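The structure appears below as structure tokens.
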Amino acid sequence: MSNAVSASKVRPALDLLYSDTEQALAGALDDLLAQRCAPAAVLARTEQPEAYDVALWKALAAEIGLAGLLIPEELGGAGASCRELAAAAERLGAHLAPVPYVGSAGVATATALTAAKTATRPGGGQEAGIAADLLRRLADGTVTAAVAVTASAMPADTFPAAVQLSGPQPGDAAAGIFRLRGRIDSVPDALPADVLLVPAEGVPNGLYLVEATAPGLHRVPVTSLDMTRQLCDVSLDGAPARQIAVGASAAAALDAGLVTGAVVLAAEQLGLAQRCLDMTVAYGKERRQFARQVGSFQAVKHRLADLWATITQARAASRYAAACLASDDPDTAVAVALAKSACSDAAVTAAQECVQLHGGIGFTWEHPAHLYLKRAKASSVTFGTPGAHRAALAGLANLPAPA
Amino acid sequence: MLDEENAPAKVLAQETELRERVLAFLADHPPAQTPRDDFLAARFDAGLGYVHYPVGHGGLGLPRNAQPALEEELAKAGAPDIDVRLNVIGLGMAAPTIIACASEEQKSRWLRPLWTGAEVWCQLFSEPGAGSDLASLATRAVRDGDDWVVTGQKVWTSLAHHAKRGLLLARTDPDVPKHAGLTYFALDMHAPGVEVRPLRQLTGEAEFNEVFLSQVRVPDADRIGAVGDGWKVANATLMNERVAIGSSRAVAREEGAAGFAAAAWRQHPERRTQDLHQRLLKLWAQAEVSRLAAERLRQQLAAGQPGPEGSASKLIFALLNQELSGWEVDFAGTDGLRYDDWTMRRDASSDYARGPVFRYLRSRGNSIEGGTSEILRNIIAERVLRLPAEPRADKDIPWKDLPR
Ligand SMILES: Cc1cc2nc3c(=O)[nH]c(=O)nc-3n(C[C@H](O)[C@H](O)[C@H](O)COP(=O)(O)OP(=O)(O)OC[C@H]3O[C@@H](n4cnc5c(N)ncnc54)[C@H](O)[C@@H]3O)c2cc1C
């Protein structure tokens, strides 16, 4: 077809398979999560005050090295890429691990990495130093971070205006301290964070680091649809902050975080979808009605066959997005839109089918199906709904909206 | 972190060697001075037909993904190439079946004219009484000396009117259960007793035919596989058919059905509506993802890890073609109410560029030909997901005693 989009013709293909390293990482994660993250334990935690499993996260972050996957070796990380990050996310999604992986190892880390690379204030470099220092502490798992954006934020959004600079206090300027005021509702993965990265409107806009213990910072837990990734409402009332990026580099850093967030979340949803299919297939072989296994009824089989086909498609989209991001491919924006929309749709369908095809037991609190359903539905809204990502294709693929 | 051993280096060396081989071949057979048929035949004999074919039979036993390098060199030299569209069944189904199941002598006889296009092949599987339930077919083959005598009726046979040979599945033993009594042959379509009658389809023309077989003599030398092994051989054909229909070569973004829709959208701003925009974006994304899934499948095959994902390709391909062409008709407004020509013609293959209405109509067949989408879902459920089979009444009864 003659248009800008396909001018690329058949480009040399990116590797869409799983590398040996990725498979080894996934295997190690599965072993650990099978022990530490059994469905009954995940369910029990949802009724405790600590919705996040901080001990599990510390083990994953430090022992397996998940926190530092994206961080270069010279800053103490693993020097891996978004491919490994996505492969690990699939396993965490399959086990519904209640850990702030997406928010910290994904969104916040990618934001800090870009801030460290691009902070370019004349005579500056101080911001880059703060970001690099944060990355070192993220890499060894001593610190967990979150970007303070509302869950529905997505790549290419306009810079958030929910938080503004407020009047300085005596001594602030000398200490390099800024003050922030504002409120951001429904922030994912911020509850267990030690550090928040807060985008604030100003002239110019900036990205600020706020310690979780800072006076004037409040986090109120939200009773969340996704009980395994609890949201919180964040408010800042003159909270002290340090600037890590300004202007265009702040916008670039935030966007990098949201792009990575969408891709990692898509991979997590892929892992969740596959797990829901596996659980449902297993139940279809076990449960008997009318003196037959219910999985032998064609109405059931065809739905599961369709779901399987949907997941094979979503897997290709997820792998492509991770590969694009890992190699800084010019097609990344398209890849992200495809992956987030395909994987979100697959996950929601899979979780809904899982509930339905388990019958009454699938509707109980005791069975884990509802945890998957809640995670799937909530994640499909987080970092851009499938519809919002497809709408982005209008510009990216030259399919303009009606005038 | 990603150490890929030395695999890429090996592939590169292989590719360099292949390119050198092509250049040497081109020096011996300058395309400008060599007649097309002679060039193609010589190319096949040099192992430069399809490089994944076996050595001595048009190939070099290389992985499929070595082929593009070969074609690139030939294209640069302006060399003639085969027309895949004229022999889709031959290249897509007959050749893989022959390579997998036929004898050396048969490979030598059949593959060369098949590949060059001198002999078109068709597939004589379906019958009026046996479609999805292919194994219940009734066409009989009875042994008579060195020959088999074949009598029966086949239907929906695409390309039979152009074909020199047909992949024939026939019943050689009615006294055993249906899957056990079948044998596979390569039928000479020009043999006495073969009658081909066009069968008109809903698009107006006739791609397919009815084929009547009356006392046709088929030499035993044209039997593929052992007597009674027909079902096994037929499955090799069907697997390849589904892969062929679900796209087996790398394509560019918007090269398929999505390209027609996107081009129409760009050409006609005045026809755009919100509803059509939402539907288009969704279909475009799905088409692009299915292209990536096909690419991933090819990478799996090339890495020697064939997965079952191939069965998803055909299912999704049919669905998308139907949805996209349905969208096109809607987008065309009243132009979508006009058709180019209902005249009965006997085309060799479908020309999808004919227009949106043709595409809409022709794509209805995509979920029927090569195994219906319902049958594909059964196959995925039972062979991929290993869900239990439906209770069946036809497994252990001799074919002749089955209820009809
Ligand atoms: C364009 C076109 C080209 C073709 N070319 C060829 C060719 O070259 N050679 C050849 O041999 N054949 C060819 N065919 C035939 C094709 O393979 C058959 O039409 C197909 O396998 C279906 O068989 P049938 O038509 O007998 O339908 P039936 O098997 O009678 O099916 C009728 C309906 O019942 C459904 N059904 C049947 N069994 C089941 C089941 N177990 N579970 C659920 N649903 C079921 C089917 O999905 C379908 O919807 C072609 C068909 C088309 C449309």
Open item on the list: With just the Cα atoms defining each centre, how far is region A:34-80 from region B:150-173? Give it in Å.
Closed with: 62 Å
TODO: List the longest stretch of chain A that has no exposed loop site; here a site is one of the GluC sites (Glu not before Pro) assigned by DSSP to anything other than H, G, I, E or B, with at most 16 other Cβ within 10 Å.
DONE: A:51-365
- [ ] Give the cross-link partners of residue B:314 among the lysines, using a straight C-alpha distance below 30 Å as the criterion and excluding same-chain residues fewer than 8 apart.
- [x] A:9, A:285, A:301, A:340, A:377, B:107, B:154, B:164, B:178, B:232, B:282, B:395
Task: Solvent exposure, largest accessible area first (probe 1.4 Å, DNA, RNA and ligands not counted), of B:57, B:162 - done: B:162, B:57
TODO: In nm, give the distance between the simple-model label positions of residue B:397 and residue A:50, each being 7 Å from the Cα along the Cα-to-Cβ direction.
DONE: 6.6 nm
Task: Helix-only [θ]222 nm of chain B, DSSP H runs n ≥ 4, -39500 (n - 2.57) each, per residue, nearest 500 - done: -12500 deg cm²/dmol
Task: GNM result for chain B, Cα springs below 10 Å: residue of B:383, B:298, B:36 fluctuating most strongly - done: B:383
Open item on the list: Just to confirm my numbers, what's the Cα centroid distance between region A:220-258 and region B:260-334 in Å?
Closed with: 37 Å
Open item on the list: Can you find, among B:278, B:290, B:302, the residue sitting farthest towards the positive end of the charge dipole of region B:265-404, where Lys and Arg contribute +1 and Asp and Glu -1 at Cβ?
Closed with: B:302
Open item on the list: Can you give me the distance in nm between label points at residue A:361 and residue B:374, each placed 7 Å from the Cα along the Cα-to-Cβ direction?
Closed with: 3.0 nm
- [ ] Let me know the shape class of chain A, please: from the alpha-carbon gyration tensor, a ≥ b ≥ c as square roots of the eigenvalues, rounded when a/c is under 1.5, otherwise prolate if a/b is greater than b/c, or oblate.
- [x] prolate
Open item on the list: In chain B, once you exclude exposed GluC sites (Glu not before Pro) (DSSP loop, at most 13 other Cβ within 10 angstrom), what's the longest stretch remaining?
Closed with: B:6-404
- [ ] Within a 10 angstrom radius of each residue's Cβ in B:264-275, how many Cβ atoms of other chains show up on average? Whole number is fine.
- [x] 2
TODO: Decide, for the protein assembly as shown, between rounded, prolate and oblate: order the square roots of the alpha carbon gyration tensor eigenvalues as a ≥ b ≥ c, take rounded if a/c falls under 1.5, and otherwise choose prolate if a/b is larger than b/c, else oblate.
DONE: prolate
TODO: Go ahead and set up a Gaussian network model of chain A, Cα springs under 10 Å, then flag whichever of A:28, A:335, A:175 fluctuates most.
DONE: A:175
Task: Rh by Kirkwood over Cα pairs, then Stokes-Einstein D for region A:253-396 at 1.306 mPa s and 10 °C, µm²/s - done: 101 µm²/s
Open item on the list: Once you order the gyration tensor axes a ≥ b ≥ c over the Cα atoms, which shape class does region B:317-366 get: rounded for a/c under 1.5, otherwise prolate or oblate by comparing a/b with b/c?
Closed with: oblate
TODO: Report the relative contact order of region B:82-216, percent, no decimals, based on alpha-carbon pairs under 8 angstrom and at least 6 residues apart.
DONE: 22 percent
TODO: May I ask you to rank B:146, A:53, A:185 by accessible area, largest first, using a 1.4 Å probe over the protein chains only?
DONE: B:146, A:185, A:53
TODO: List the longest stretch of chain A that has no exposed loop site; here a site is one of the chymotrypsin sites (Phe, Trp or Tyr not before Pro) assigned by DSSP to anything other than H, G, I, E or B, with at most 13 other Cβ within 10 Å.
DONE: A:1-289
Task: Karplus-derived 3J(HN,Hα), 6.51/-1.76/1.60, for each residue of region A:266-277, Hz, glycine and proline x - done: 4, 5, 4, 5, 4, x, 5, 4, 4, 5, 4, 4
Task: Within 10 Å of each Cβ in A:384-396, the average number of Cβ atoms from other chains - done: 2
Open item on the list: Just checking the output field for A:312-323: average partner chain Cβ neighbours within 10 Å of each residue's Cβ?
Closed with: 6
Task: Heavy-atom SASA rank of B:21, A:45 (probe 1.4 Å, accessible area, largest first) - done: B:21, A:45
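The values are calculated or read from the model by the stated rules, or taken from the named source; none is laboratory data. Everything numeric here is computed off the predicted structure, so don't read it as measured data. For neighbour counting, all protein chains shown are included, and Cβ atoms are generated from backbone atoms with ideal geometry for every residue, glycine included. Surface areas here come from the heavy atoms of the whole protein model, side chains and all, with no ligands, DNA or RNA. Shrake-Rupley method; radii C 1.70, N 1.55, O 1.52, S 1.80 Å.
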